[in-house]
Amino acid sequence: MSTLDSKVPEGPLKDKWTTYKDKIDLVNPANKRKIDIIVIGTGLAGGSASATLAEQGYNVKAFCYQDSPRRAHSIAAQGGINAAKNYQGDGDSNYRLFYDTVKGGDYRSREANVYRLAEVSGNIIDQCVAQGVPFARDYGGLLDNRSFGGVLVSRTFYAKGQTGQQLLLGAYSAMNRQIARGKIEMYNRHEMLDIVKVDGKARGIIARNLITGELERHSAHAVVIASGGYGNLYFLSTNAMGSNVTAAWKTHKKGAFFANPCFTQIHPTCIPRSGDYQSKLTLMSESLRNDGRIWVPAKLEDVMAIREGKKKPTDLSEDERDYYLERRYPAFGNLVPRDVASRAAKERCDAGYGVNKTGEAVYLDFKSAIERYGKEQAKIHNEKDASAQRIYDLGKDIVEAKYGNLFQMYEKIVDEDPYKTPMMIYPATHYTMGGLWVDYNLMTTVEGCYAIGEANFSDHGANRLGASALMQGLADGYFVLPYTIGDYLSDDIRTGRIPTDTDAFEEAENSVKTTLDKLINTGGTKAVDYFHKKLGNIIWNKVGMSRNEAGLKEAIAEIQELRADFWKNVRVPGGTHEVNRELEKAGRVADFLELGELFAQDALTREESCGGHFREESVEIDGPQKGEAKRDDENFTFVSAWEYKGNPSESQLHKEELKYENIELKQRSYK
Amino acid sequence: MNLTLKIWRQEDAKSPGKMVTYPISNIEGHMSFLEMMDILNDELIEKGEEPVAFDHDCREGICGMCSMYINGEAHGPDRRVTTCQLHMRMFKDGETIHIEPFRANSFPVLKDLMVDRGAFDRIQQAGGYISVNTSGNTQDANSLPIPKADADLAMDAATCIGCGACVATCKNSSAMLFVSAKVSQYALLPQGRVEAKDRVLNMVNQMDIEGFGNCTNTGACEVECPKGISLDNIARMNRELIKAKA
Ligand SMILES: Cc1cc2nc3c(=O)[nH]c(=O)nc-3n(C[C@H](O)[C@H](O)[C@H](O)COP(=O)(O)OP(=O)(O)OC[C@H]3O[C@@H](n4cnc5c(N)ncnc54)[C@H](O)[C@@H]3O)c2cc1C
Ligand code: SF4
Ligand code: FES
């Protein structure tokens, strides 16, 4: 425990960041020119950090594995970004955003970090608008907001269903300005495969050029990991195909503690799997739950009839349907938080009520909403005797205006018209709250190595609220890291360029080369995907939405076995010195096979249910909350931070105790 | 479904390429086009052959990374979708499918179906930004109201995903639709007006340096653009150019 110092400044919560910023050591502009910073990743976190650091005068080298920084996975975010602007005058404030985030995270995040996030959230919107991000506006020309994820205020800014795209293109444009000035050197189609430490400090990386296959040495005075989340551990997720843990995992193996790996978010509304060939899952925005009602048939014989095509969902009358969220959670109904909605869907499907071929789907039905909106419209238009068809048409128009693009996306994928027949949805892995442990400065336990965005663990505790990942990525990159990193670098103004012809770089490069050669030369027979799918299955079934001791122990053993099998039987065609997509995948899956074990180990150690982590042994035994998740504040109010000890099985647990001085801990209840 | 695939195979940027035929069977209509390619690749790997290299990442039509030319159309036969959103139900049992990379002099082939679209980035670097630093004391976002109609049009232009289908489709390999989408986004907004002149001149200049062809108003780009970027943007950019040169 002694090794973990969160470095949270003293003083009242509201003043910590301002006071701290005032006292931080600065680097003068002339000296910034002598300092190099490597940034791994160009998503919202890495893109915004690269641009800002370059504006300040540092020499930035930015890396991404795609062919352009604009294609980072942040581009796919749909719904929106939170900020405590209180433009709607509905009582929002920094404190309220802070409070919602800590409560939403089920009291497993660090107060001071979350408060700072809320504090800078308003600046993000100002900055993005100044860059020309075309947020949605109302008829008065002012910024529009929507409400999101069951909070009581309307604080989510959005750009149609493409908020992530527009924010990322904003950061990309800021990067372009600095690339043009020569302040950012951009390395597209490069993958970081190791971090290099010199005298205990992060001083560079080994990267593979994904076109030539060459290994390159890059040095810097600090390294920033902004490589995103590790949801692809599950094989199927809503993440981009290339999203991976490699950069973070290699850093972990060089001394950075990995925090709360088992905290994952399983999003309740995704398009279900259709077959074994499936390569990824598509999210249907959470906003649909504002108007859709979730149900499965009440009787098993109807389930069978539907699966066999003998009945259609629209044939079932109201009393033949089980609106299970409304039944179990009368107060919140279909708007319970993501983790609760996901588990309830799983519970019904496990009991045999899943409505598609695979048995893993529930209905999300807009019939009531169409009718309700239709009647409302008929009243507004003074059509007293509107026919049922007329009411349907009026209502459909409203639903179309709100969710048209999502309905169209659904129809393209599933080939069914969701206006006519209920949508089918099922939970899917979406976001990882865990990540590299960082202190208040966003520095990992490796000196000079920082982690920002989804790659770190810091702000979302055990469960992330909708629209707050984009906020965190940009807060870290635009407003937090550029200050805190200066404090560290102020000691480096006399260091000079870090040479790369040293033993440290040599060793790191050799070890990367050995691993790549080993992957090419295993002489096995099975494609990388074979192993990735198997790993995904283990994790999904045993470390997914619900976890228990026996299952977790099995998962650990099975992953160890699979890892051994991988290193014997994987086949990677081609060589190392060329474009080799299979080799890239193999390296990533090799790291997932190690992370997977730690992930299960972390879930096993945390013998409580909290947020997205549901331990079957930790539920309310009786009373009105019977069967619901039970958090154990007495024993588990801490961050698990794992130290690598040569093998995932021997990782050592360190605990950062969490102190709540500004918020009272409460059990969540949605009944 | 059983299909015959004819796919462009090219070792690297320097080698010549050729079409190679691969039969594939048991394809379902619910599969996406790229899932069909995954199956082909797994089969090739098991046979000890080299899989087909192609670019892709998000697989939901937003990153702009996927880029195949399928049966003579950029992103294939469906409309308003990228290759990753194309489904096999668009094809018939027994059909032969031709799969090639996006072709343009400014998009050199790197391997098989992968091309280098770095020219697009360089055009953006020439002026696709508003010169504002991150400071934390920018003016309040609502101090500058923008008419909803303008904001919506700017958003429509900003949805370009930089895929390059417009270039691959155009018989002149012109990048006008792509460049005009960015120029339009800023032309419609009050922010960054002071640098409007330099922006359009520099971006168009870079477009010419990269060797993209001229626009002769055939409109093919608009038809094939997965994001429905409209030709109006080209007209708007031309007006910006005239203003800038005046
Ligand atoms: C479908 C979907 C919808 C979402 N919607 C929302 C939403 O509405 N609101 C919200 O707040 N959040 C949303 N999220 C979550 C949010 O989008 C992400 O958490 C966030 O964008 C992550 O940003 P990032 O910058 O940390 O990482 P990313 O955007 O994932 O970027 C990672 C970067 O790292 C690079 N990289 C990775 N590994 C390496 C390596 N080894 N070497 C070199 N480069 C590497 C990649 O090339 C990339 O540039 C959504 C997520 C998904 C999947
Ligand atoms: S304009 Fe359309 S086709 Fe061209 S790059 Fe943009 S999205 Fe692709
Ligand atoms: S893979 Fe992203 S648009 Fe097709």
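Within the protein assembly as shown, antiparallel bridges make up roughly 70 percent of the DSSP beta bridges whose residues both belong there. Please list, in order, the residues from the stretch B:16-42 whose amide nitrogen is less than 17 Å from a point placed 7 Å along the Cα→Cβ vector of B:ASP93. Under cut-off, by backbone N: B:24-31. For the stretch B:3-111, divide the Cα radius of gyration by the Kirkwood radius and give the resulting Rg/Rh value with two decimals. That ratio equals 0.94.
Using the average count of surrounding beta-carbon atoms within 10 Å as a protection proxy, the listed peptides B:219-225, B:160-166, A:164-170 rank, highest first, as A:164-170, B:160-166, B:219-225. Label-to-label distance, B:SER131 versus A:ASP350, with points set 7 angstrom from Cα along the beta-carbon direction: 6.1 nm. Computed from phi, the 3J(HN,Hα) profile of the stretch B:158-164 under the Karplus parametrisation 6.51, -1.76, 1.60 (θ = phi - 60°) reads 6, 7, 3, 9, x, 7, x Hz, with x in place of Gly and Pro. Put a plus charge on the Cβ of each Lys and Arg, a minus charge on the Cβ of each Asp and Glu, and nothing anywhere else: the dipole of the stretch A:539-595 about its Cα centre is then about 80 debye. Coordinate range of the alpha-carbon atoms in the protein assembly as shown per principal axis, descending: 73, 69, 64 Å.
Across chain B, counting alpha-carbon atoms alone, Rg and Dmax equal 20.3, 63 Å. Of the two radii for the stretch A:269-428, the radius of gyration is 0.97 times the Kirkwood radius, both from the alpha carbons; that is the Rg over Rh value.
Among the trypsin sites (Lys or Arg not before Pro) within the stretch B:1-49, those in coil by DSSP and having at most 14 neighbouring Cβ atoms inside 10 Å are B:LYS14, B:LYS47. Using a probe of 1.4 Å, the accessible surface attributed to A:SER274 totals some 40 Å² when neighbouring protein chains are kept in position.
For B:MET114, B:MET176, write out the residues from largest to smallest accessible area, computed with a 1.4 angstrom probe and no ligands counted. Each step should come with its number before you reach the end.
Values: B:MET114 0, B:MET176 20 Å².
Result of the area sort, largest leading: B:MET176, B:MET114.
Rounded to 0.05, the FRET efficiency of the A:ASP633 and A:LYS671 pair, given R0 = 22 Å and the Cβ-Cβ distance, is 0.65. Counting other Cβ atoms within 10 Å, which trypsin sites (Lys or Arg not before Pro) in the stretch A:134-216 have at most 11 and lie in a DSSP loop? In loop regions of the stretch A:134-216 (DSSP not H, G, I, E or B), the sparsely surrounded trypsin sites (Lys or Arg not before Pro) are A:ARG181. Taking every alpha-carbon pair under 8 Å whose residues sit at least 6 apart, chain A reaches a relative contact order of 20 percent.
Rg/Rh for the stretch A:504-636 stands at 1.14; both radii use Cα atoms, and Rh follows the Kirkwood definition.
Cβ-Cβ distance of A:LEU142 and A:ILE380, R₀ of 22 Å, FRET efficiency by 1/(1 + (r/R0)^6): the value works out to about 0.35.
Computed over the alpha-carbon pairs of the stretch B:53-159, the distance histogram in 10 Å steps reads 12, 30, 28, 18, 11, 2, 0 percent, short to long.
In this structure A:VAL8 has an accessible area near 50 Å², from a 1.4 Å probe over the protein heavy atoms. Here the stretch B:3-111 is treated with +1 on each Lys and Arg Cβ and -1 on each Asp and Glu Cβ, and its dipole about the Cα centre works out to around 480 debye. Comparing B:ILE209, B:ILE123, B:ILE229 in a Gaussian network model of chain B (Cα springs below 10 Å), the most mobile by mean-square fluctuation is B:ILE209. Taking 0.36 nm per residue of separation and subtracting the current Cα-Cα distance, fully stretching the chain between A:ASN662 and A:ALA557 would add 33.6 nm. Here the Kirkwood formula puts the hydrodynamic radius of the stretch A:1-60 at 14.0 Å, using every distinct Cα pair. The trypsin sites (Lys or Arg not before Pro) of the stretch A:618-665 that DSSP puts in a loop, and whose beta carbon has at most 16 other beta carbons within 10 Å, are A:LYS626, A:LYS645, A:LYS659. Near A:SER368: Cβ cut-off under 14 Å, other residues only, Lys/Arg at +1 and Asp/Glu at -1. The net charge is +1. Result for chain B in a Gaussian network model with C-alpha springs under 10 Å: among B:PHE91, B:PHE178, B:PHE33, the largest mean-square fluctuation is at B:PHE91.
Hey, with R₀ at 25 Å, roughly what FRET efficiency would A:ARG497 and A:ARG181 work out to, going by the Cβ-Cβ distance, to 0.05?
Calculated value: 0.80.
The residues B:THR4, A:THR314, A:THR42, sorted by heavy-atom accessible surface at 1.4 Å with ligands and nucleic acids left out, run A:THR314, B:THR4, A:THR42 from largest to smallest.
Net length available on complete extension from B:SER143 to B:ASN205 is 18.9 nm, with 0.36 nm assigned per residue and the Cα-Cα distance removed. Residues of the stretch A:555-587 with amide nitrogen under 20 Å from the 7 Å Cα-to-Cβ point of A:THR212? Once the point is set 7 Å along Cα→Cβ of A:THR212, A:575-581, A:583-584 turn out to lie under 20 Å by backbone N, inside the stretch A:555-587.
Taking all protein chains as shown and a probe of 1.4 angstrom, A:THR522 keeps an accessible surface of around 30 Å².
Does a label point 7 Å from the Cα of A:ASP315, set along Cα-to-beta-carbon, have any residues of the stretch A:349-364 with amide nitrogen under 18 Å, and which are they? Within reach of a label on A:ASP315: A:353-357, A:363.
Of A:GLU549, A:GLU10, the residue with the largest accessible area leads and the full order is A:GLU10, A:GLU549 (1.4 Å probe). When only Cα pairs below 8 angstrom with a gap of at least 6 residues are kept, the stretch B:3-111 shows a relative contact order of 34 percent. Computed from backbone phi, the HN-Hα couplings of the stretch A:216-223 come to 10, 9, 10, 10, 6, 8, 8, 10 Hz, rounded to whole numbers (Karplus: 6.51 cos²θ - 1.76 cosθ + 1.60, θ = phi - 60°; Gly and Pro given as x). Could you work out the relative contact order of the stretch A:269-428? I mean the mean sequence separation of Cα pairs under 8 Å and 6+ apart, divided by the number of residues, in percent. About 30 percent, as a whole number. When the accessible area of the protein assembly as shown is computed with all protein chains present and a 1.4 Å probe, what percentage of it is carbon and sulfur? Looking at the protein assembly as shown in its full context, I get 48 percent from C and S.
The values are calculated or read from the model by the stated rules, or taken from the named source; none is laboratory data. Fair warning: this is a prediction, and the values are worked out from it, not measured in the lab. Every residue, glycine among them, receives a Cβ derived from its backbone with ideal geometry; neighbour counts consider all protein chains shown. Note: areas computed on protein heavy atoms with side chains; ligands, DNA, RNA excluded. Shrake-Rupley method; radii C 1.70, N 1.55, O 1.52, S 1.80 Å.
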